[in-house]
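Student: Encoded as structure tokens, here's the structure I'll be asking about.
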Amino acid sequence: MTKEGPEGHFIVLEGGEGAGKSLLGARLAGRLEASGIHTIEVREPGGTPPGEQIRVLLGQSLTPWAEAFAFLLARAELVSEIIKPALESGATVICDRFRASTVAYQGYGRGLSLKRLAEANASATQGLVPDMTIYLDLPPEVGLRRKQGEQGGPATGHEDIAFHERVRDGYRQQLAQAPEGSWLEIDATQPREVVETLAWNALVQLLSIPANK
Ligand code: TMP
């Protein structure tokens, strides 16, 4: 896909607990920079001072819509203050979680209305849609085992297995409904290097990076 104008590409990493998004994001950003593509890495919730404060707030138990709005507040701030300006300057942005997380966790996981969440998401993001979503799929029991012993973080990370099964189902439903080529699913039970190679190959194609990079 060729883009018109100076806009950079917007890449989103998604997946359940312990899928390996953060490490993959750092590896991909490093490889993009090494290929001469200016890259900015951000995470949700977070990436801005209010977003990081919301991460602390989310450690407490909130009602489902309060929790959803907290994630949306962090997203609205991140889109306006960091992501849009970066894309407009021509940078590529790698974002660890975005609107699909809210659909999977607050929609499928908590049972909030998918229609209302879609509307709220569209407002919070000013309609911004990723050029590519890389979804790391993992059985929840494997991901939760990887994260065992970790303290803190949003309450969503500490729910029971049934909740995380619903989240996984939520991702799969979104994957099934996504326009062709906009989502890449990777089996995250594979070795880290294999996951990275599959993701990198997709970026090489999307950004037309010469194969020898
Ligand atoms: P992470 O930093 O390990 O990805 O954790 C973020 C947690 O927040 C994870 O449990 C998923 C959850 N989350 C939501 O429930 N809804 C959202 O919209 C986002 C961005 C994250």
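Student: Going by what's in this entry, would Glu88 be described as in contact with an Asp or Glu (Cβ under 7 Å, 6 or more places away or on another chain) and farther than 24 Å from Gly18 by Cβ?
Tutor: It is true that Glu88 is in contact with an Asp or Glu (Cβ under 7 Å, 6 or more places away or on another chain) and farther than 24 Å from Gly18 by Cβ.
Student: Could you grab me the full set of residues in region 49-77 that are touching a Ser or Thr at 6+ places or on another chain (Cβ under 8 Å), within 10 Å of the ligand (Cβ to nearest atom) and in a helix (DSSP H, G or I)?
Tutor: Residues satisfying the conditions are Glu67, Ala68, Phe71, Leu72, Ala74, Arg75.
Student: Ok, one more. Looking at region 97-122 only, could you name the residues that are surrounded by fewer than 21 Cβ atoms within 10 Å (Cβ to Cβ) and of a type in the set (D, E, K, R)?
Tutor: Arg110, Lys115, Arg116, Glu119
Student: Consider Glu41 carefully, then state whether it is within 11 Å of the ligand (Cβ to nearest atom) and either part of a helix (DSSP H, G or I) or buried (at least 20 other Cβ atoms within 10 Å of the Cβ) (or both).
Tutor: No.
Student: Looking at region 105-147 only, could you name the residues that are part of a loop (DSSP other than H, G, I, E, B), more than 11 Å from the ligand (Cβ to nearest atom) and closer than 23 Å to Ala70 by Cβ?
Tutor: Gly111, Ser113, Gln126, Gly127, Leu128, Val129, Pro130
Student: Next question. Is it the case, given these coordinates, that Arg27 is open to solvent by 20 Å² or more (accessible area, probe 1.4 Å) and either touching a residue at least 40 places away in the same chain (Cβ under 8 Å) or among the basic types (Lys, Arg) (or both)?
Tutor: yes
Student: Determine whether Gly157 is assigned to a loop (DSSP other than H, G, I, E, B), modelled with pLDDT under 95 and either open to solvent by less than 80 Å² (accessible area, probe 1.4 Å) or among the aliphatic types (A, V, I, L, M) (or both).
Tutor: So Gly157 fails the test.
Student: Name every residue in region 78-96 that is open to solvent by less than 40 Å² (accessible area, probe 1.4 Å) and either more than 9 Å from the ligand (Cβ to nearest atom) or part of a helix (DSSP H, G or I) (or both), in order of residue number.
Tutor: Hits for region 78-96 are Leu78, Val79, Ile83, Ala86, Leu87, Gly90, Ala91, Thr92, Val93, Ile94, Cys95.
Student: Report every pair of residues separated by at least 6 positions or lying on different chains whose Cβ atoms are under 7 Å apart, first residue within region 191-209 and in contact (Cβ under 8 Å) with a residue 40 or more places away in the chain, second buried (at least 16 other Cβ atoms within 10 Å of the Cβ) and acidic (Asp, Glu).
Tutor: From region 191-209, the pairs are Leu206/Asp131.
Student: Being within 16 Å of the ligand (Cβ to nearest atom) and not in a helix (DSSP H, G or I) is the filter here, so list the residues in region 9-38 that pass it.
Tutor: Those that are within 16 Å of the ligand (Cβ to nearest atom) and not in a helix (DSSP H, G or I): Phe10, Ile11, Val12, Leu13, Glu14, Gly15, Gly16, Glu17, Gly18, Ala19, Gly20.
The values are calculated or read from the model by the stated rules, or taken from the named source; none is laboratory data. Since the structure is predicted, the reported quantities are computational estimates derived from the model, not experimental observations. Positions of Cβ are generated from backbone atoms using ideal geometry, with glycine treated the same way; all protein chains shown enter the neighbour counts. Ligands, DNA and RNA are stripped out before the accessible areas are found, and what is left, the full protein with its side chains, is counted by its heavy atoms. Shrake-Rupley method; radii C 1.70, N 1.55, O 1.52, S 1.80 Å.
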